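The values are calculated or read from the model by the stated rules, or taken from the named source; none is laboratory data. Just so we're clear, the structure is a prediction, and the values are computed from it rather than from any experiment. Positions of Cβ are backbone-derived with ideal geometry, glycine not excepted, and every protein chain shown enters the neighbour counts. Heavy atoms of the whole protein, side chains included, go into the accessibility calculation; ligands, DNA and RNA do not. Shrake-Rupley method; radii C 1.70, N 1.55, O 1.52, S 1.80 Å.
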Amino acid sequence: MKIDLLDTLREKNPIAFNISNFVTVQDVANGINALGASPIMSEEQNEAEAMVKMANSITINLGAFTEQQLNQIETVMTFANQYHKPIVVDPVAVGAVQYRLERCNELLAQKQVAVIRGNIGEVAALAGVDWNAKGIDAGEGSSDPVETAKKLANKYHCVVVASGKTDIITNGEAVIRVFNESDLFKLYVGSGDMLSSTIGCFVGVEEDYFEAAQTAVVVFDVAGEVVAKSMSKPLAGSFGPQLIDELHLIDVKTVEKYANFE
Ligand SMILES: Nc1ncnc2c1ncn2[C@@H]1O[C@H](COP(=O)(O)OP(=O)(O)OP(=O)(O)O)[C@@H](O)[C@H]1O
Ligand SMILES: Cc1ncsc1CCO
Ligand SMILES: [Mg+2]
């Protein structure tokens, strides 16, 4: 695993164009800014081409889109493919809302993305695998998460990150599992969105998206684990800001020391 990519990210300070959702946009901007990227958000169709040309990567969060925003998302993805800029998609709640699943599958069928990052309920829905998702949460199911993630990666020829207690990263063949974790992630609603946008930062500096996604997951998970272990009162409300602080502080040595993957 290329943990050194964390230094590369900070040297390059990539412009990370994010189409976020209104719930977590500020955590995403502050989280990746603290990490060492330069976030920019936009919901305006008329500046889509300029945004894509300027950006090193695009992260598209489908957390709360309107019909108008969907048109902008489609335009942005078209330009991103045209200008060869990597796209990360976060398919929020596609396992729970049929409308979202259909729109997301349409986008993924028409455009090439670098990485899809969702919880296992979202990944299963896109892969067409049986699972009971619950709103924005993963929910429950008995299908094999690794086979499910691989199926989705092969369906859309991209890297898939299926997050959960164990995070699974696959390019459809090889699989890496990351075991770093904390229960506090589940209590802080911006965690998943921040993880997707962190992956967005790393694909902006590393052309091997499988490597980039691995580093992003390990850095993010170790940051959360380090914070949770250091808290005298491990509570949800203060976890978020401290996670942003740790994304600022974390270095390659710390990640190497605590990273737990195979
Ligand atoms: N059960 C769990 N125990 C520990 N860590 C978890 C657990 N589930 C998820 N995580 C961690 O939380 C982070 C976000 O992943 P998660 O699967 O919760 O995304 P999500 O469902 O999209 O979250 P969000 O509701 O914030 O959008 C990941 O870094 C993952 O490792
Ligand atoms: C709670 C919530 N609702 C739509 S998006 C979002 C944030 C998690 O993605
Ligand atoms: Mg989510």
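Miscellaneous remarks
- Residue count, the range 83-108 (criterion: over 22 Å from Thr24 (Cα atoms), open to solvent by 50 Å² or more (accessible area, probe 1.4 Å) and either touching a residue at least 12 places away in the same chain (Cβ under 8 Å) or basic (Lys, Arg) (or both)): 1
- In the range 1-23, residue surrounded by the most Cβ atoms within 10 Å (Cβ to Cβ) [restricted to those that are among the basic types (Lys, Arg) and touching a residue at least 60 places away in the same chain (Cβ under 8 Å)]: Lys12
- Candidate set: the range 172-185, residues that are within 25 Å of Lys151 (Cβ to Cβ) and charged (D, E, K, R); chosen: the one nearest to ligand 3 (Cβ to nearest atom): Glu181
- On inspection, Asn105 does not qualify as within 16 Å of ligand 1 (Cβ to nearest atom), polar (S, T, N, Q) and at negative phi.
- Only one of the numbered conditions (1) away from ligand 1 (no atom under 16 Å from the Cβ); (2) surrounded by fewer than 16 Cβ atoms within 10 Å (Cβ to Cβ) is not met by Gln26, and that is (1).
- Options Gly36, Gly31; residue that is open to solvent by less than 40 Å² (accessible area, probe 1.4 Å) and at positive phi: Gly36
- Exactly one residue among Val205, Val159 is touching a residue at least 12 places away in the same chain (Cβ under 8 Å), more than 16 Å from ligand 3 (Cβ to nearest atom) and touching a strand residue (DSSP E or B) at 6+ places or on another chain (Cβ under 8 Å), and that residue is Val159.
- Helices (runs of 4 or more DSSP H) wholly inside the range 136-254 containing at least 3 residues that are surrounded by fewer than 24 Cβ atoms within 10 Å (Cβ to Cβ) and within 16 Å of ligand 2 (Cβ to nearest atom): 184-187, 236-249
- Qualifying residue in the range 18-35 (condition: in a strand (DSSP E or B) and within 16 Å of ligand 3 (Cβ to nearest atom)): yes
- If you check Met51, Met77 for being more than 14 Å from the chain's Cα centre (by Cα) and more than 19 Å from Ile116 (Cα to Cα), only one passes: Met51.
- The lone criterion from (1) farther than 25 Å from Lys151 by Cα; (2) buried (at least 18 other Cβ atoms within 10 Å of the Cβ); (3) more than 16 Å from ligand 3 (Cβ to nearest atom) left unmet by Phe65 is number (3).
- Residues being away from ligand 1 (no atom under 16 Å from the Cβ) and surrounded by 22 or more Cβ atoms within 10 Å (Cβ to Cβ) - total across the range 52-62: 4
- Hits in the range 109-125 - residues which are part of a helix (DSSP H, G or I) and buried (at least 24 other Cβ atoms within 10 Å of the Cβ): Ile120, Gly121, Glu122, Val123, Ala124, Ala125
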